[in-house]
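Chemist: Let me begin by handing over the structure; questions about it come next.
The values are calculated or read from the model by the stated rules, or taken from the named source; none is laboratory data. What you see is a predicted model; the values in this text were computed from it and never measured. Cβ placement follows ideal geometry from the backbone for every residue including glycine, while neighbour counts extend to all protein chains displayed.
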Amino acid sequence: MTKKTMIFVLLALIAAVILFSFLSLSEEQSLKSTPIETNPTIPSSKKEKTKKYIDQSGVTFEYPENFVATPESDLDSNTYSSVIVSSMSYPGSLKIKVEDSNVTTLNDWFVKNKVDKKNLKITKTKLADLDAQQFQNKDTLTTIALDKNVLFTFSIELKMNKEEWVKLNDSITKSFAFTPPPPPEEAAGASEEDIIYEGEEVIE
């Protein structure tokens, strides 16, 4: 083998080594830059445990078990029900009041209570199947609805834990129901088993 041939073979080997190294490096970089697909973790939809509030006036609603619903006593003759829902973990409360009213529209309620609608952002919402209006005035979130002459008022102080209280309000308004009690003559004929006592809680 001549000297020229040996030099040519040596150069060819060096070129082959360089080419091999370059190809190996390119393949490694490609593997690093290719994203690896993984199955996303889907959070478990654990249902929140709730309790059901029932009172003698015909008010029922569901609420999370870490809250307490307490009926108010000494109600006037126009009030069917007044309930305070409070938290076991943080301050604040949601007050629910069901009463007879002489207002015929929700706009009449604003006028009667001297609430200036011009400075409020009023949202149309639902209380069960009733049309309702919701607004925040300073630190109080109020939801009102009217069914003939029966007025429903929900009010919450939002000074602390605003998100939790708004979530509670939404939960109760969706499950809320009101069935007025029968006239006294009909109620007198009901057996004791048919009577639901005020403030009874059913845990589900």
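Chemist: Test of understanding: among 59, 85, which residue is within 21 Å of residue 139 (Cα to Cα) and touching a Phe, Trp or Tyr at 6+ places or on another chain (Cβ under 6 Å)?
Modeler: 85
Chemist: Look at segment 130-168 and say how many of its residues are β-branched (Val, Ile, Thr) and either part of a loop (DSSP other than H, G, I, E, B) or within 16 Å of the chain's Cα centre (by Cα) (or both).
Modeler: Residues meeting the conditions: 4.
Chemist: If I ask for residues that are on the phi > 0 side of the Ramachandran plot and either surrounded by fewer than 13 Cβ atoms within 10 Å (Cβ to Cβ) or part of a strand (DSSP E or B) (or both), which ones from segment 58-74 would you list?
Modeler: Of everything in segment 58-74, just one residue is on the phi > 0 side of the Ramachandran plot and either surrounded by fewer than 13 Cβ atoms within 10 Å (Cβ to Cβ) or part of a strand (DSSP E or B) (or both), namely 74.
Chemist: Would you say residue 77 is in a loop (DSSP other than H, G, I, E, B), closer than 19 Å to residue 55 by Cβ and of a type in the set (S, T, N, Q)?
Modeler: Values: in a loop (DSSP other than H, G, I, E, B): yes; closer than 19 Å to residue 55 by Cβ: yes; of a type in the set (S, T, N, Q): yes.
Here the answer is yes, as residue 77 does meet what is asked.
Chemist: Which residues, counting only those in segment 65-103, are of a type outside the set (Val, Ile, Thr) and touching an Asp or Glu at 6+ places or on another chain (Cβ under 6 Å)?
Modeler: If the condition is that a residue be of a type outside the set (Val, Ile, Thr) and touching an Asp or Glu at 6+ places or on another chain (Cβ under 6 Å), then 71, 78, 81, 82, 92 are the ones that fit.
Chemist: Has segment 172-186 got at least one residue that is modelled with pLDDT of 85 or more, surrounded by 16 or more Cβ atoms within 10 Å (Cβ to Cβ) and assigned to a helix (DSSP H, G or I)?
Modeler: Going through segment 172-186, the residues modelled with pLDDT of 85 or more turn out to be 172-178.
Going one step further and asking which of them are surrounded by 16 or more Cβ atoms within 10 Å (Cβ to Cβ), we end up with 172-173, 176, 178.
Checking which are assigned to a helix (DSSP H, G or I) leaves us with 172-173.
Yes, segment 172-186 has at least one match.
Chemist: Return the pair list, or none, for Cβ contacts closer than 8 Å from residues in segment 162-178 that are under 22 Å from residue 57 (Cα atoms) and touching a residue at least 24 places away in the same chain (Cβ under 8 Å) to residues that are of a type in the set (Val, Ile, Thr) and surrounded by fewer than 20 Cβ atoms within 10 Å (Cβ to Cβ), at least 6 apart or on different chains.
Modeler: 171/50; 173/125; 175/60; 176/60; 177/60; 178/60; 178/150
Chemist: Tell me, yes or no, whether segment 105-121 has at least one residue that is of a type in the set (Val, Ile, Thr) and either touching a Pro at 6+ places or on another chain (Cβ under 8 Å) or under 24 Å from residue 163 (Cβ atoms) (or both).
Modeler: Within segment 105-121, not a single residue is of a type in the set (Val, Ile, Thr) and either touching a Pro at 6+ places or on another chain (Cβ under 8 Å) or under 24 Å from residue 163 (Cβ atoms) (or both).
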